[in-house]
Structure formats: structure tokens, C-alpha cells
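Scroll down for the structure; my scribbles are underneath it.
The values are calculated or read from the model by the stated rules, or taken from the named source; none is laboratory data. Predicted model, so just to flag it, every value in this text is computed and none were measured. Glycine also receives a Cβ, built like all others from the backbone with ideal geometry; neighbour counts cover every protein chain displayed.
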Amino acid sequence: MASCRAFRLLAVPAAALALSAFAACGLDEHYTGMGTGALPGDKLYPVPDPGPGQCQQTTPDVVTGDLPQIAVADLKGQAWRFDTLTLSKPLPASISDLVNPVIEDQLAQQLINVLVAIDKDDRTAGELNARLGTGPTPADGTTYAFEGTPQQVVFTFENPAFASKADAKLSLSVAMGEDNLVLPIQSLRLKGQVTSDGQSIEAGVLTGAITEEDGALVVIPVFGNLKDFLETQDPPILPDTTVGDKPAWSFEGAFTAVAATVQ
């Protein structure tokens, strides 16, 4: 009920009016695919473009500087569950500031479970082979399982930092009382750093895209669908990238993760 009450705040007129401040700033068109090696200090990790109107991105930067290497010789069998997730693009700040506390609450209640499980740690090749997906609330409160078939992903690994080598997909579902806000993320990539004991992921960044076509199917209670909501702002928040030949909005978020038992 707390999550439902939190989301009903979206109906508050002040929240809708507050969108004008974000819209005036414009949607940042900076988008990277988080390519191989795109990590702090890398040549492939440019300083973010401030975007139209010199607006700054809202996703926190990955921590820079010297990082302690992982003391664990082999991460095979290690798994993590997101314990924080803060969304920014493409949601306007006035909406993400309301949705993010709902996500935080549902992560704590194990209603949202984003899982990463390492199947192979090849330090020679500098790669981690993993499974990525979501899972239901564990029956015993401790052992997680993927729902459906997880995505097979490969990360480049420069101890202790990792980054996706290729795009993946993830459907993120946020329970809203009797409704679900389902965000179908395409061109998904993750990057971050593993703590020295291998038990946590810090400074994680998630990027991807939501197509305009998919956005028309994403229902936002009170506000209609995501496509209409974004495109009817003043000025409109228009797609700023593409997936294949389809117009899409860049999707961004910051996360951390903690060790978990995943079947």
C-alpha cells in the first residue's frame, strides 16, 4: 500500500506543472552505447555533453581514480541483486523524483529483483560471461531465480571494472497497486566496479533505450502512455536516438548491487 500511495502522488497537479522546468531545459541528446572499455579514465569514456541549453545529465558519474582490485581469484558462481536503482532518462525530473522512491521501496520488499550471475571468469581474455534478468520474490526470502530465460551477456573485465560488450534487453516491471509500470529496455548495457571482496557492485550505470513504438504501450496511471506523455510536454520531449531504424528515447539509471544466491 505504501508503494501505491507513493505513486498516486503522480496525480498531484503540482507534479505535472513542475514538468515545465524540465522541459524548458530540454532532453539531453548525449547517448553512448557503453562500448567495450568505456570506463572511467578510458579513452572511450568522454566527458558527457551538457546537452541542449547546457543542461547537465542527472545520472551520477562512475567513480574515477585508482580502484582496489578484486581479491577473489575466480568470480564464477558469484551473483548479485540490485539493491538500489535510480532512473533518470527519459523521465522528467518531476516524475522520476516520485517514481524512484517507489522503486527503492519495492527493491527493499523484494518485489523488484534484477539479477546478474557470473558463469565464467576468464581473466586471460579479460571477460566475464553472465546471465542477466529479473526474478520473482523468493519463497524463502533468500534464494532467487530468474523468471523465464535470462539474457546471456559478456562483460569486458579490467579488474575491478566491467562493461557490457554488446546490447541486451530487460523488461523492468514496477508494481503500482493493481497496475504495473512495465519498461521494456532495449540496447541495454551495464558498467560498474566490483568491490575487492567480490560481494558488491558499486558505481553501476545502466543505459539503454525505449522505442517510441514500445513507449505507446507503456501505461502510466493518471498520465496515459509514456509516448504521449513525453511528446505532449512543452516543449515536447522527443526521441533522441534509434534502435535499429526505430526512433527511441535514451534510458539511463544508476545502480548498486549486493551478493545474492541465484539458482
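Remarks
- Region 132-158: number of residues that are among the charged types (D, E, K, R) and more than 17 Å from Leu107 (Cβ to Cβ): 2
- For region 178-204, the set of residues classified as more than 22 Å from Lys227 (Cα to Cα) and either of a type in the set (A, V, I, L, M) or not in a strand (DSSP E or B) (or both) consists of Leu190, Val194, Thr195, Ser196, Asp197, Gly198, Gln199, Ile201, Ala203, listed by residue number.
- Output for region 204-217, where each listed residue is surrounded by fewer than 19 Cβ atoms within 10 Å (Cβ to Cβ) and not charged (D, E, K, R): Ala216, Leu217
- One residue from Thr195, Thr211 being at pLDDT 95 or above, over 25 Å from Gln263 (Cα atoms) and β-branched (Val, Ile, Thr): Thr211
- Note on region 227-263: residues that are more than 25 Å from Gly135 (Cβ to Cβ) and not in a strand (DSSP E or B) amount to 16.
- Cβ separations smaller than 9 Å between residues 6+ apart or across chains give the following pairs from region 145-159 residues that are at positive phi to residues that are at pLDDT 95 or above and not polar (S, T, N, Q): Gly148/Gly133.
- Every residue from region 83-135 that is part of a strand (DSSP E or B), touching a Ser or Thr at 6+ places or on another chain (Cβ under 7 Å) and over 28 Å from Ala248 (Cα atoms): Glu127
- Condition met for Asp228 (at negative phi, touching a helix residue (DSSP H, G or I) at 6+ places or on another chain (Cβ under 9 Å) and at pLDDT 95 or above): no
- Listed conditions (1) modelled with pLDDT of 95 or more; (2) of a type outside the set (Val, Ile, Thr); (3) in contact with a strand residue (DSSP E or B) (Cβ under 6 Å, 6 or more places away or on another chain) are all met by Ser173, apart from (1).
- Candidate set: region 218-259, residues that are closer than 30 Å to Tyr144 by Cα and polar (S, T, N, Q); chosen: the one surrounded by the most Cβ atoms within 10 Å (Cβ to Cβ): Ser250
- Matching residues, region 201-225, being closer than 25 Å to Asp179 by Cβ and either free of Cβ contacts under 8 Å to residues at least 40 places away in the same chain or among the charged types (D, E, K, R) (or both): Thr211, Glu212, Glu213, Asp214, Gly215, Ala216, Leu217, Val218, Gly224, Asn225
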